[in-house]
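Novice: Below you will find the structure I want to go over with you.
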């Protein structure tokens, strides 16, 4: 029997080093075709980034797996996501964490993502239309923070919203390519960082978007 597209993608992820069984299961149970524009449905299960509305993208599955695995989410964790986008990454986080707080600067993207999550009966996601640069101070501190757009500099404001020993993962850099960094907050309020490799993300833009 030949491999299905999902099986082929999951095998590819494992061959590239995505080994966390919980992450793989979350991705296997999240139908990527639900989050992809109709024009690109035939590419839903490819290991590649795909354009969505508002000039944004749904990330390559390998990058989604890499970032999620690097967070080391546990079932009791509260996770902050900066950049809801299509809601695909959000859905995967929600299968691993207790709560996901997600912020999006495009209201239309946020509303579309919420509809998709309701179809999947994911009920532990809290949404905010707002500026990702601000984080979500009213709900801080968080166990984990995931940033899905490129930061130009060290994200000190977001790191301040992490719990001690908390983990933050996100791209950093000002060019067309960036470095994916994993920060761990130390008990004294400082942090350590680890470079996970080169990535390509749209930049994190301040403010909320005016659409239409």
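The values are calculated or read from the model by the stated rules, or taken from the named source; none is laboratory data. Predicted model only: the values in this text are computed from it and were never measured. A quick note on method: Cβ atoms are made from the backbone with ideal geometry, for glycine too, and the neighbour counts reach across all protein chains shown.
Novice: Would you point out which residue out of 166, 197, 173, 189 is over 21 Å from residue 87 (Cα atoms) and either over 19 Å from the mean Cα position of the chain (by Cα) or modelled with pLDDT under 90 (or both)?
Specialist: Among 166, 197, 173, 189, only 189 is over 21 Å from residue 87 (Cα atoms) and either over 19 Å from the mean Cα position of the chain (by Cα) or modelled with pLDDT under 90 (or both).
Novice: Select from the stretch 133-155 the residues that are more than 18 Å from residue 200 (Cα to Cα) and touching a strand residue (DSSP E or B) at 6+ places or on another chain (Cβ under 9 Å) and list them in ascending order.
Specialist: Listed by number, the residues that qualify are 133, 134, 135, 136, 139, 140, 141, 142, 143, 144, 145.
Novice: With respect to the numbered conditions (1) in contact (Cβ under 8 Å) with a residue 40 or more places away in the chain; (2) touching a helix residue (DSSP H, G or I) at 6+ places or on another chain (Cβ under 6 Å); (3) not in a helix (DSSP H, G or I), which one is the sole condition not fulfilled by residue 47?
Specialist: (1)
Novice: Would you check if residue 158 is closer than 13 Å to residue 81 by Cβ, in contact (Cβ under 8 Å) with a residue 12 or more places away in the chain and not in a strand (DSSP E or B)?
Specialist: yes
Novice: Starting from the stretch 1-22, keep only residues that are free of Cβ contacts under 8 Å to residues at least 40 places away in the same chain, then list their pairs with residues that are surrounded by 11 or more Cβ atoms within 10 Å (Cβ to Cβ) and in a loop (DSSP other than H, G, I, E, B) whose Cβ atoms are within a distance under 7 Å, requiring at least 6 positions of separation or different chains.
Specialist: Close Cβ pairs (under 7 Å, with a partner that is surrounded by 11 or more Cβ atoms within 10 Å (Cβ to Cβ) and in a loop (DSSP other than H, G, I, E, B)) amount to 6/45.
Novice: Going residue by residue through the stretch 95-104, is there one that turns out to be within 28 Å of residue 160 (Cβ to Cβ), surrounded by 16 or more Cβ atoms within 10 Å (Cβ to Cβ), in contact (Cβ under 8 Å) with a residue 60 or more places away in the chain and out of contact with any helix residue (DSSP H, G or I) (no Cβ under 6 Å at 6 or more places or on another chain)?
Specialist: Within the stretch 95-104, not a single residue is within 28 Å of residue 160 (Cβ to Cβ), surrounded by 16 or more Cβ atoms within 10 Å (Cβ to Cβ), in contact (Cβ under 8 Å) with a residue 60 or more places away in the chain and out of contact with any helix residue (DSSP H, G or I) (no Cβ under 6 Å at 6 or more places or on another chain).
Novice: Count, please, the residues in the stretch 57-69 that happen to be surrounded by fewer than 20 Cβ atoms within 10 Å (Cβ to Cβ), out of contact with any strand residue (DSSP E or B) (no Cβ under 6 Å at 6 or more places or on another chain) and within 15 Å of residue 86 (Cα to Cα).
Specialist: Number of matching residues: 1.
Residue-by-condition table, conditions (1) within 17 Å of residue 121 (Cα to Cα); (2) more than 13 Å from the chain's Cα centre (by Cα):
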| position | (1), (2) |
| --- | --- |
| 47 | no, yes |
| 59 | no, no |
| 67 | no, no |
| 76 | no, yes |
| 82 | no, no |
| 95 | yes, no |
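Novice: Could I ask something else about it? With the condition kept exactly as written, say whether any residue in the stretch 102-114 is more than 15 Å from the chain's Cα centre (by Cα) and assigned to a strand (DSSP E or B).
Specialist: Checking the stretch 102-114: not a single residue is more than 15 Å from the chain's Cα centre (by Cα) and assigned to a strand (DSSP E or B).
Novice: For residues that are in contact with a strand residue (DSSP E or B) (Cβ under 9 Å, 6 or more places away or on another chain) and without any contact (Cβ under 8 Å) to a residue 40 or more places away in the chain, scanning just the stretch 118-132, find the one that is surrounded by the most Cβ atoms within 10 Å (Cβ to Cβ).
Specialist: By that ranking, first place goes to 125.
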